[in-house]
1. Scan around Leu151 for amide H atoms under 5 Å from its own, H built in the peptide plane at 1.01 Å from N, and keep only partners 5 or more places away or cross-chain.
2. Let me understand the stretch 562-619 better: what is its radius of gyration from the alpha carbons, and its Dmax, in angstrom?
3. Find the centroid of the Cα atoms in the stretch 169-225 and in the stretch 584-633, then give the distance between the two in whole Å.
4. What are the ³J(HN,Hα) couplings of the stretch 574-583, residue after residue, when phi is run through the Karplus curve with 6.51, -1.76, 1.60 and θ = phi - 60°? Round to Hz, x for glycine and proline.
5. Amide H to amide H under 5 Å from Gly22: which residues, 5+ apart in sequence or cross-chain, H placed 1.01 Å off N in plane?
6. Could you tell me the calculated FRET efficiency between Glu556 and Arg100, based on Cβ-Cβ distance and R0 = 56 angstrom, to the nearest 0.05?
7. Compute the distribution of all C-alpha to C-alpha distances in the stretch 403-523, in bins of 10 Å from 0, and list the percent of pairs in each, rounded to whole numbers.
8. Round to a whole angstrom and tell me the spacing of the C-alpha centers of the stretch 449-466 and the stretch 469-525.
Amino acid sequence: MPEIAPLEPGDPPSLGDITLRGRLEASGAGPVFLGATASGEAVSVRVAPSGSDALRRIARELQRLPGIGVAPVIRAGEDGGLAYLAARHIEGPTLHEAVRRDGPLDGEELRRLATGIATGLRTLHDAGLAHRALSPHTVVLSPDGPVVTDLGLAATVPEVATTALTSSASLTHPSSLAPEQARGDDAGPAADVFAWGTAVAFAAAGEHPFGTGPTEAVLRRVMFGEPDLRHVPEPLRGLVARALAKDPAGRPTAGQLVLELRAALEAPPPQGGYGPPSAGQAYPPYLAQLSPPYGYQGSGPLPAGTSLSWAPPRIGHPRRLVPALMADAVIVCLALAVASILRWFGPSSTTVLVVALVTALAAWLGRRWLRRPAAVARWAARRGRRLLAQGRPDAALDALSLAAGSATGRTRLVARANLALAHREKGNLGEARWLLAGLLPELTAEFGAAHPEVLTARAGLAAVLRDLGHAGQAATELREVARHTEQALGADHPQTLRARANQAVALDDAGDPEGALRLLRDLLPRMERVLGRHHRDVLATRANAAALEEPGRAAESLRLVLRRQRRELGPGHPDTLRTSTNLGYLLLRDGDREAALALFDEVAGLAGDTLGRGHPLERRARAGAASARGGER
């Protein structure tokens, strides 16, 4: 943990609504302060002289970032001749401090570090930004994983964007700078990938890959020498070597790093929730389906989506919102045709021309109106919620990332919360937990503790905690959420019914399956009346109730629910796949290994195809198949 020094004479006591409490750092980059917002949230504040156009421009972009693997900027402004960037303060030691104190990392710990840093860089690069000062000093090892911090360093100290030969030499070790930075050329995302390679090599060896010594000597080795990667294990060594290529064009992108690392990262599945049965538990009785309240739609279910196509957010704007130039030309031609017809009734050729020009202007204004960030955000958020309801988390992540990046104010908070739920559905539990835990203080400050948005986010966080194996903590939170939701919205509100269904899951986690079954049976008639018999939440609740019945009846009851889910939701929907997996474990418990194996193999194939290889549902199904074949339980 960095030491907090008291404020020095001349330091401002506050910046905007942020009260400064002390200094975290002082270097060639200037001071970094520890502060607190009016709502009590701890922030790290970096300052620069007022009037920095680069800082203002980058601050606007940084404030739109989803907090996935990065410490998001939550305040920016100018006060008393100083411009400032305030990012969420991350508790934990820096990578440099941890390695110096505890020694190098290896094995699973090293691979998770590499994946976490690459995920943070992907978040930056997908938004069109670059860090340009990544080093072991700007990676914090938080309890939830590595976090890339100090996103505004390149804006507050412009020299770090291009060269290390002046003041930026004191900002970061020269071994972390890319060859193009050492030469004084412009640096972009490829320089961050190079810095990722040096950070991973440092974590594996405890020493910088290009050695130490005078700055000029280290920079010569960066530009012309070879890095020392002896301590980086395979297959990570090959990926780090590619990241340290001298030519920026020869390095992988941050997105490619994440994909290759996750493919190689055989993480053990969590206990409870999604993973295979834990040690000593041969066949779990059921996998509870915590119904995620998609879209924060307290008033009812979402409309069914019909379109299956989605343009990724990199194109900037959804094509569906913005007519193509050809469409504009057709509009103008139609206007000319109409104007020509009107001419028969007396208008002059001037009138025809005016009508055509007004129509063309209207088409252009419509394009501009629909390209507004607010319109893009609304469209992307609606589409993301529909895709989640369809069981397509990959496409939903793209849509909701675009919504979170385009929205502002309250809409942005809700979009980021929906993005967290999409990450949970995709199986990215660490990212979902990080997003929701960081959002809750902001949501509470904006909406109030009893608002449906806040209660829904709390329920989502509890669901993620349960998936990660923290059953006791999740059970306590779910009980509180159910009670507060009923007080705020009423006993028959859809969100209250979902909260009570999740409370039943908590009861079973706490060792009271009879109480859980009673609550589910009491809820089902009300849920069917309010939501409809075929709603996915009703089907999920029915599946949970069926799995809690007596051993002789549970499998048959669950089979009936599964048939309905396949008909209503489709065989590849995540809810259907969860029920199929639960049924497989029940059949395995009842001794029907052949039927269980067929079901597990089917789920593993569908989950891999629809949700992606390595998804927790796929891993859980493969673990069940191994048990059915007589492997280790």
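Readers should treat all values here as calculations from the given coordinates under stated rules, not as data from a laboratory. Just so it is clear, the model here is predicted, and its values are computed rather than measured. In this analysis, Cβ positions are derived from the backbone assuming ideal geometry, glycine residues included, and neighbour counts consider all displayed protein chains.
1. Close amide H contacts, sequence-distant or interchain: none at all.
2. Final numbers for Rg and Dmax: 10.9, 30 Å.
3. For the stretch 169-225 versus the stretch 584-633, the Cα centre distance is 46 Å.
4. Taking θ as phi minus 60°, the curve returns x, 4, 4, 5, 5, 4, 4, 5, 4, 5 Hz for the stretch 574-583.
5. The answer is Leu34.
6. Details: r = 60 Å, r/R0 = 1.08.
After rounding to 0.05, the efficiency reads 0.40.
7. Taking all Cα pairs of the stretch 403-523, the binned fractions are 15, 42, 34, 9, 1 percent.
8. 12
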